[in-house]
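The values are calculated or read from the model by the stated rules, or taken from the named source; none is laboratory data. Please read all numbers here as calculations on a predicted model, not as lab measurements. Here the Cβ positions follow ideal geometry from the backbone for every residue, glycine too, while neighbour counts run over all protein chains shown. Heads up: the accessible areas ignore ligands, DNA and RNA and are worked out on the full protein's heavy atoms, side chains in. Shrake-Rupley method; radii C 1.70, N 1.55, O 1.52, S 1.80 Å.
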Amino acid sequence: MDESKGGAHAGGEAPAADGRFVLFMDYSPAFSFLADREDRLVWVNETFLRWLDRPREEVLGVHPDELHGPGTAEQFSPSTEQVIATGEALSMEQTVRLADGSTMFLVGHKFPVPQPDGTVLVGGTFVDMTARVKAERAWTEAEERFRTFMQLLPALAYTKDSQLRYTWANPAFLRAAGRELSEIIGRRTEDFRSAGPPQSDEEGEETAVIADGRPRSFRARFTRADGTLGHAFGYRFPLSEQGDDTVGGVFVDLTEEMAVRDRMVERETRLATLFERSPVGIAVIDLEGALAEVNPAFAALLESGAAELQRMTLIDIAADGPDSWVRPVLQELLDGRRAQHRVDTELIRPQDGSPVPVSLLLTLAHDSAGDPQEFIAMVSRRPASQSADASRWPEDEVTILQLVAAGASDAQVARELAMGESTVRLRLGALKRRLDARNRAHLVARAYQTGVLTTAET
């Protein structure tokens, strides 16, 4: 009686247990299946069916190549054959390359499942690790990229622990320090003060960074590997939850840049001194012709203050005003038709309008990109010409004046006097300065005015 009750009780529990097992397998996130020795599926759980997105009748008994695409079966068969041959379970990682080109990464088990008829099926339960594997690979690739970045980074970088001992440094840092990584790991900066990173109260700044939990910028001097003193600029910053690393630093060796800057400052100082102390008048003129800056010699030449002149233009102080040579010459310089312009002319004193005879050299300065930046005028006083007679002048100079007065060109003068045209131009320039003439016509007029030429000679 008791046995019959016990048997009934046991018989009632079996269906319930089977039902619970079915529910367990169907709700499990793992792919579970039973397959024959050719990997044809005999049974699959609901999770597997949802992934396949097919009804059960289209899955059971189907060959893997038909289910997942050609070539799939050969990926499964080695492990299936091993389980059947050994009769032992196999823990494994399975990489599955599907027909659509995608790849799955599975981790799980295959195990033998003996059947009443003596055959053996292969059971399997696998977890899809694709997302995790891809994330790990992406992390590994990112780590490798970062490692390569730090290897090639020209900036100097390092990390330290809470005791301010080095835990890592990049190659640029080691080159600047003249040391190997093994020489600095576990050591503090004070252990090798003669070379290495910036030494401007370095550990004090790092302690402050750790205490504040905020990065700080810094400038420092440091001794380079060759013994010279270098300049650095960079940042120190806290490292949280990075194992033993507590503080990091990255900085740029600006030694060469600072040397260039120092040379530029020295050059600018020399130029400023030359500008201020030069006995030659110098004016910086903007591209519109306005006097942007004048030196003391220029201001003294026109007996005016620098501030007053810097409110004027070159045309304002030219003897002929708007009709002077200034505007056309500035345009020719801007167009590149002239490299410079030299002229003997007169400038006007703003206070009383009196003329000042000067020799003026005008050039165009360019910026680093080669674009026009400003004009530079260098001006020196030219003594006023004195009256003279032909008997006190060299015969060839009088002859040149006579030929010019007769309308001869430079080429005709050159042929007449058996000299080069360039020599004629130089001689004419000297004559213009001597007679305070602005141009060729003015030269002839001044020659008659001063008595060098007379109407009887021509």
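Among residues of the stretch 218-267 being of a type in the set (Ser, Thr, Tyr) and surrounded by 11 or more Cβ atoms within 10 Å (Cβ to Cβ), the one that is farthest from residue 206 (Cα to Cα) is 255.
Residue pairs whose Cβ atoms lie under 6 Å apart, separated by 6 or more positions or on different chains, with the first residue in the stretch 56-77 and within 17 Å of residue 32 (Cβ to Cβ) and the second aromatic (Phe, Trp, Tyr) and crowded, with 17+ Cβ neighbours inside 10 Å, are 64/76.
Taking each residue of the stretch 431-452 that is under 14 Å from residue 407 (Cα atoms) and without any contact (Cβ under 8 Å) to a residue 40 or more places away in the chain and looking for partners that are of a type in the set (Val, Ile, Thr) and in a helix (DSSP H, G or I) with beta-carbon atoms closer than 7 Å, six or more apart or interchain, yields 440/404. Filter the stretch 202-217 for residues that are charged (D, E, K, R) and either out of contact with any Ser or Thr (no Cβ under 9 Å at 6 or more places or on another chain) or surrounded by fewer than 14 Cβ atoms within 10 Å (Cβ to Cβ) (or both) and give the result. 205, 212, 214, 216 - these are the residues of the stretch 202-217 that are charged (D, E, K, R) and either out of contact with any Ser or Thr (no Cβ under 9 Å at 6 or more places or on another chain) or surrounded by fewer than 14 Cβ atoms within 10 Å (Cβ to Cβ) (or both). When each of 374, 308, 303 is tested for being among the acidic types (Asp, Glu), touching an Asp or Glu at 6+ places or on another chain (Cβ under 8 Å) and within 26 Å of residue 273 (Cα to Cα), the lone residue that passes is 374. If you go through the stretch 169-186 and keep only what is open to solvent by 80 Å² or more (accessible area, probe 1.4 Å), at pLDDT 90 or above and not acidic (Asp, Glu), you end up with just 182. Selection over the stretch 66-86 of residues that are closer than 19 Å to residue 121 by Cα and open to solvent by 50 Å² or more (accessible area, probe 1.4 Å) gives a count of 6. Counting just the residues of the stretch 347-364 that are over 15 Å from residue 320 (Cβ atoms) and of a type in the set (A, V, I, L, M), which one comes out least open to solvent (accessible area, probe 1.4 Å)? In this case the residue turns out to be 362. So is residue 361 in contact with a Lys or Arg (Cβ under 6 Å, 6 or more places away or on another chain), among the aliphatic types (A, V, I, L, M) and closer than 25 Å to residue 433 by Cβ or not? When the stated conditions are applied, residue 361 passes them. Only one of the listed residues (91, 102) is open to solvent by 30 Å² or more (accessible area, probe 1.4 Å), in contact with a helix residue (DSSP H, G or I) (Cβ under 9 Å, 6 or more places away or on another chain) and of a type in the set (Gly, Ala, Ser). That residue is 102. At least 1 residues being hydrophobic (A, V, I, L, M, F, W, C), over 28 Å from residue 425 (Cβ atoms) and out of contact with any Pro (no Cβ under 8 Å at 6 or more places or on another chain) is the threshold, and among the helices (runs of 4 or more DSSP H) wholly inside the stretch 280-367 those reaching it are 296-301, 306-309. Can you say whether residue 329 is surrounded by 14 or more Cβ atoms within 10 Å (Cβ to Cβ) and modelled with pLDDT of 90 or more, as far as the supplied structure shows? Here the answer is yes, as residue 329 does meet what is asked.
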